[in-house]
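Working notes for the structure below.
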Amino acid sequence: SGKLSGKTALITGGDSGIGRSVALHYAREGANIAIVYLDEHEDAEEARRLVEAEGAKVILISGDVASSAFCNEAVAATVAEFGGLDIVVNNAGIQVVRERLTDIDDAEWERHFAVNVHGYFYIARAALPHLKSGASIINTSSINAFAGNKFLVAYSATKAAEAGFTRALALQLADQGIRVNAVAPGPIWTPIQPAGFGPYDPQAVADMGRDTPLGRIGQPSELGPAYVYLASADGSYVTGQTLHVNGGMIIN
Ligand code: NAD
């Protein structure tokens, strides 16, 4: 009887951080959950237990979203298990901190785009034939798409590409009743934050949080509700938008 009762959601990067919060909140609202994740992460079984504890059915699908063949398989496995697909959350992402542009080699630049941009495209394209009116695609972008980050040039470029992808696809799918939105988190306490820059360095975390008007870093649990809003009937007239969940770090 939740807001997503009877729906099926596929969440890339659903094992960890922001994606895990989305999985937990969707589970609480009654959705079946497919978690797509990279197998070098060890959090998937823990995520499965936590999502099941919310009363949801869950499948784990491990592989690399930079592969279009894998993305096709992940969507097919989800539909085979649950009989359909209603909500797609493109959220799997990587970031590498580099001080200078000249420190980034071809492979690292291309890997950012392969995972963060191509991965979103491959999953959305595979999902589309299964999506019906009322379905929703939500792309995790970032504050760095808008504010930039001088040590995250490759990452910021991919996050801006995701924001453009979101707007154009929203226009294309509107006449099918499929909504496409983005969430742009500010600094959130997750394992993606590199050492000396994030949660493994309490001082760096405190500094990052102090830059926000709310004066603190965000927790993953503060992201899930935004994704529930966009995926559910609560957000039924919202498409092509970017929802900024960033402690007020940029206001426009
Ligand atoms: P995280 O490291 O906890 O999660 C990243 C997830 O992506 C993991 O679940 C991992 O399994 C998955 N993943 C990575 N590469 C993959 C690949 N090639 N194929 C399949 N899955 C892959 O980090 P997070 O902070 O929760 O990041 C989630 C999203 O939020 C990312 O898109 C990130 O850019 C975005 N974001 C994070 C912050 C932040 O401050 N944490 C801020 C803005 C945006």
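The values are calculated or read from the model by the stated rules, or taken from the named source; none is laboratory data. Just so we're clear, the structure is a prediction, and the values are computed from it rather than from any experiment. Here the Cβ positions follow ideal geometry from the backbone for every residue, glycine too, while neighbour counts run over all protein chains shown.
General observations
- Listed by position, the helices (runs of 4 or more DSSP H) inside the stretch 138-245 whose residues that are closer than 30 Å to Leu101 by Cβ number at least 1 are 153-173, 202-210.
- Residues within the stretch 25-34 that are under 16 Å from Ile138 (Cα atoms) and in contact with a helix residue (DSSP H, G or I) (Cβ under 6 Å, 6 or more places away or on another chain), tallied: 3
- If only residues of the stretch 30-43 that are surrounded by fewer than 21 Cβ atoms within 10 Å (Cβ to Cβ) and under 22 Å from Gln219 (Cβ atoms) are counted, the one that is farthest from the ligand (Cβ to nearest atom) is Glu42.
- Applying the condition of being surrounded by 19 or more Cβ atoms within 10 Å (Cβ to Cβ) and more than 14 Å from the ligand (Cβ to nearest atom) to the stretch 7-29 and asking which residue is nearest to Val117 (Cα to Cα) yields Ala9.
- Residue within the stretch 125-132 that is assigned to a helix (DSSP H, G or I), more than 10 Å from the ligand (Cβ to nearest atom), modelled with pLDDT of 95 or more and in contact with an Asp or Glu (Cβ under 8 Å, 6 or more places away or on another chain) present: no
- Hits in the stretch 208-252 - residues which are within 18 Å of Trp189 (Cβ to Cβ), in contact (Cβ under 8 Å) with a residue 40 or more places away in the chain and among the aliphatic types (A, V, I, L, M): Leu223, Ala226, Val245, Met249
Okay, residues lined up against (1) surrounded by fewer than 17 Cβ atoms within 10 Å (Cβ to Cβ); (2) touching a helix residue (DSSP H, G or I) at 6+ places or on another chain (Cβ under 8 Å); (3) under 30 Å from Gly6 (Cα atoms):
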residue: Asn144; (1), (2), (3): no, yes, no
residue: Thr158; (1), (2), (3): no, yes, no
residue: Asn181; (1), (2), (3): no, yes, yes
residue: Ala206; (1), (2), (3): yes, no, no
residue: Tyr227; (1), (2), (3): no, yes, yes
residue: Val238; (1), (2), (3): yes, yes, yes
residue: Leu243; (1), (2), (3): no, yes, yes
residue: Gly247; (1), (2), (3): no, yes, no
residue: Ile251; (1), (2), (3): yes, no, no
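- Members of the stretch 55-80 found to be part of a helix (DSSP H, G or I) and over 17 Å from Asp15 (Cβ atoms), listed by number: Ser68, Ala69, Asn72, Glu73, Val75, Ala76, Val79, Ala80
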